[in-house]
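Quick notes on the structure that follows.
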Amino acid sequence: MGTITTKDGTEIFYKDWGSGQPVVFSHGWPLNADAWDDQLALVAANGFRAIAHDRRGHGRSGQSWDGNNMDTYADDLAELIEALDLNDAVLVGHSTGGGEVARYIGRHGTARVAKAVLLGAVTPLMVKTDANPEGLPIEVFDGIRAGVTADRSQFYKDLSIPFYGFNRPGAAVSQGVSDAFWLWSMQVGLKGALDCVKAFSETDFTEDLKRFDIPTLIAHGDDDQIVPIVAAGLKAAELVKDATLKVYPGAPHGLVGAYKDEFNADLLSFLNT
């Protein structure tokens, strides 16, 4: 584990486990690198170098007042990749992290990248517009901001339920998983949390996705209550050239239970192909 300092002076925390071809993980809002621990340990144990950072404003990274936007998130990722001199890397992004990966490729290209994985990603655009009628109304995101501002602790506790699909009939509810989600979420600074909502919901990644020229796995649960598949995974698969689309029937947004096991197997298979 270590840190780098970006050009604007923000400290970015990262984990670096194992050795081999690098696999770089970008986490979702409002979490941090710990959300990827199962996958980090998995790929490191299977001959890869597993790296995950806390996005600025989140976890153990610096809480800058400015720069909580997709361009800067992508540039932070680029600075990390360059500082560690990573080549032939596989970029894996979940939710907001998928947007970060897409914007990285859009801004920095694929010279250092071999493959990409977008899991439950916010790409190409989450908010509803005339050109994106399948998106979610802006009022949904206004409600998120209002909930975080009013009582962020309770909001994060409540959010963990649909995030992992624990509100579905017959779901195997884990209080431990919900508690971990709350713990990670409480580490994000309020300014960074609110700015990131705008970043993940209103950023249009259409042109970024068109720049992908590497093997790409797009994976999405079809019961994702946070990032609906119709506005995200299905559309992204049409924009990324020769992408492989994997739909998980009944799966929620967050990796949990059998869904996590299946994705882990698919991830290893994709890495080894």
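Rounded to the nearest 500 deg cm²/dmol, what is the calculated helix-only ellipticity per residue at 222 nm for the chain, with -39500 (n - 2.57) per DSSP H run of length n ≥ 4?
Values: 9 runs with 113 residues, N = 273.
When only DSSP H runs of four or more count, the value is -13000 deg cm²/dmol.
Given the C-alpha centroids of the stretch 104-119 and the stretch 242-262, what is the distance between them in whole angstrom?
About 21 Å separates the Cα centre of the stretch 104-119 from the one of the stretch 242-262.
Counting only heavy atoms of the protein chains, get the accessible area per residue of the stretch 92-208 (1.4 Å probe) and round it to a whole Å² value. Intermediate values should be presented prior to the final figure.
On the way: 4700 Å² over 117 residues.
Value returned for the stretch 92-208: 40 Å² of accessible area per residue.
What does the accessible area per residue of the stretch 220-273 come to in Å², with a 1.4 Å probe and no ligands, DNA or RNA counted? Display every interim value, and only then the final one.
On the way: 2410 Å² over 54 residues.
Counting only protein heavy atoms, the per-residue value for the stretch 220-273 is 45 Å².
When the chain is modelled as a GNM with alpha-carbon springs shorter than 10 Å, which of Glu262, Glu134, Glu11 fluctuates the most?
Comparing Glu262, Glu134, Glu11 in a Gaussian network model of the chain, the most mobile one is Glu262.
Simple spin-label model, 7 Å along Cα-to-Cβ: Thr110 to Met1 in nm?
3.4
With the other protein chains left in place, how much accessible area per residue, in square angstrom, belongs to the stretch 1-81 at a 1.4 angstrom probe? Could the numbers behind the result be given before it?
Details: 2730 Å² over 81 residues.
Normalised by residue count, the accessible surface of the stretch 1-81 is 34 Å².
Using +1 on the beta carbon of Lys and Arg, -1 on that of Asp and Glu, and nothing else charged, what's the dipole of the chain about the Cα centre, debye to 20? Each step should come with its number before you reach the end.
Numbers: 23 positive and 37 negative charges, 31 e Å.
About 160 debye.
Expressed as a whole percentage, what fraction of the accessible surface of the stretch 155-261 belongs to carbon and sulfur atoms when a 1.4 Å probe is rolled over the protein heavy atoms?
The value for the stretch 155-261 is 56 percent carbon and sulfur by accessible area.
Dividing the convex hull volume of the Cα atoms of the chain by its residue count, what figure in Å³ per residue is obtained?
Expressed per residue, the convex hull around the Cα atoms of the chain is 113 Å³.
Going down the table (Lys210/Lys235; Lys128/Lys235; Lys15/Lys235; Lys115/Lys246; Lys191/Lys260), which pairs top 22 Å between alpha carbons?
Values: Lys210/Lys235 12 Å; Lys128/Lys235 14 Å; Lys15/Lys235 32 Å; Lys115/Lys246 15 Å; Lys191/Lys260 31 Å.
Over 22 Å apart, Cα to Cα: Lys15/Lys235; Lys191/Lys260.
Just the number, please: carbon plus sulfur as a percent of the accessible area of the stretch 1-119, 1.4 Å probe, no ligands or DNA/RNA counted. Present the calculation step by step, with values, prior to reporting the outcome.
Numbers: 1610 of 3730 Å².
C and S atoms contribute 43 percent here.
The values are calculated or read from the model by the stated rules, or taken from the named source; none is laboratory data. Keep in mind the model is a prediction, meaning the values are calculated, not measured. Glycine gets a Cβ as well: all are built from the backbone with ideal geometry, and neighbour counts include every protein chain shown. Side chains are part of the model used for accessible areas, which takes the heavy atoms of the whole protein and leaves out ligands, DNA and RNA. Shrake-Rupley method; radii C 1.70, N 1.55, O 1.52, S 1.80 Å.
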